[in-house]
Amino acid sequence: MTGKMQAAVVETFGRPLVLREWDIPSPGPGQILVKTEACGVCHTDLHAARGDWPLKPTLPFIPGHEGIGLVVAIGSGVTIVKEGDRVGVPWLYSACGHCEFCLTGWETVCAKAQFGGYSKNGAFAEYLLADPNYVAHVPAGLAAKDAAPIICAGVTTYKGIKETNARPGEWIAISGAGGLGHLAIQYAKVMGLHVCAIDIDDGKLAHARSLGADIVVNAKANDPASAVIQATGGGAHGVLITAPSLIAFKQGVGMTRKHGTCVLVGLPPGEFPLPLFEVVANCLTIRGSFVGSRQDMAEALSFAAEGKVKADIELQALSSVNQILDRLEHGDVASRVVLDFAGK
Ligand code: NAD
Ligand code: ZN
Ligand code: ZN
């Protein structure tokens, strides 16, 4: 397939994306071409467009790592997917497949990993290339728009919850009830956990309650660490911090129960102070977590296909991507915006 497509492109860090024509890429050996049906807009796309992180993508690039679409062309040697399959092109775009991490289900930390919408062009475009060995396989019956948020926000929080080691009947505190957080609450509930949701927006907290959060805490109105310690009788066994705000990290450590685990998932640029005595004397585990493996992805998608977890989505056109990023920056997105390519 040759020709032009519409894409939203980061040409300069910190500037609005440029909506422009771009050549439709053609799949080389071992690659596939995907025609985008839907793509969620993650807060990570905002960090990428601003150049927030130490390792920056090469300009110009096309963001978007919650892209779902149909395989429309395959390069030579591809056998694992066929034309017409519905796939997702996630943040973990590809990895080496052979290192110690790839061999043990930790391909997310492979030194050769490539990232969709970051080091490889993403799905804020009508077409994109993908590595068939790393695409998400969307279960039959799950619509593209509903699958989109699962392939980043869903898998990241599902994996992050597992990484807290919190067990059914125990407490998890979820800091940030936005795109990631609203799915985290649902995964945590189906995993049998008691959930405390923390945000700085009362609307998000009301929504968190409707999704099953047992307790909600507004971090602006209360000291969230003491509120969680009190409500849970000593702190949450697991804490998952999705808030893109540094202050939430120190608070998250402070609400972790003795011998509990605090999992860091949000990625605001910068550093946060760690109260060393508290961490040591309370035997806390502080752990980073980065998206999830392909197996985690399959599990996260199953929950959605079974109707146990459902992304709350607002559909928008690709052309409104800059307004959406602006709203994300100001906390004005209720849960997840999904770009809908059907209506364009
Ligand atoms: P979002 O903007 O949809 O949601 C963030 C939520 O945090 C909002 O509801 C906001 O009100 C809330 N919040 C802001 N400040 C807060 C505070 N001080 N305390 C509590 N809540 C607060 O963003 P998102 O798409 O859910 O992404 C969240 C973060 O996770 C981003 O930094 C993103 O880059 C990161 N992320 C990490 C991974 C990973 O693999 N580790 C994957 C995806 C996203
Ligand atoms: Zn993401
Ligand atoms: Zn590897």
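The values are calculated or read from the model by the stated rules, or taken from the named source; none is laboratory data. Predicted model only: the values in this text are computed from it and were never measured. Here the Cβ positions follow ideal geometry from the backbone for every residue, glycine too, while neighbour counts run over all protein chains shown. These area figures cover heavy atoms from the full protein model, side chains too; ligands, DNA and RNA do not enter into them. Shrake-Rupley method; radii C 1.70, N 1.55, O 1.52, S 1.80 Å.
Here Ala143 qualifies as away from ligand 1 (no atom under 16 Å from the Cβ), modelled with pLDDT of 95 or more and surrounded by fewer than 20 Cβ atoms within 10 Å (Cβ to Cβ).
For the range 79-93, taking the residues that are in a loop (DSSP other than H, G, I, E, B) and aliphatic (A, V, I, L, M), the one that is farthest from ligand 3 (Cβ to nearest atom) is identified as Val81.
Check whether at least one residue in the range 204-221 is at pLDDT below 95 and open to solvent by 10 Å² or more (accessible area, probe 1.4 Å), and report yes or no. Within the range 204-221, one or more residues are at pLDDT below 95 and open to solvent by 10 Å² or more (accessible area, probe 1.4 Å). A Cβ distance below 6 Å, combined with a sequence gap of six or more or placement on separate chains, defines the contacts here; from the range 97-122, residues that are on the phi > 0 side of the Ramachandran plot and at pLDDT 95 or above reach residues that are open to solvent by less than 30 Å² (accessible area, probe 1.4 Å) and more than 8 Å from ligand 3 (Cβ to nearest atom) in the pairs Gly105/Ser293; Gly117/Pro63; Gly117/Gly64; Gly117/His65. Out of Gly75, Gly40, Gly88, Gly67, one residue alone is within 18 Å of Thr156 (Cβ to Cβ), surrounded by 15 or more Cβ atoms within 10 Å (Cβ to Cβ) and touching a Pro at 6+ places or on another chain (Cβ under 8 Å). It is Gly40. Within the range 237-265, being open to solvent by less than 20 Å² (accessible area, probe 1.4 Å) and in contact with a Cys (Cβ under 6 Å, 6 or more places away or on another chain) holds for Val239, Gly252, Val253, Thr256.
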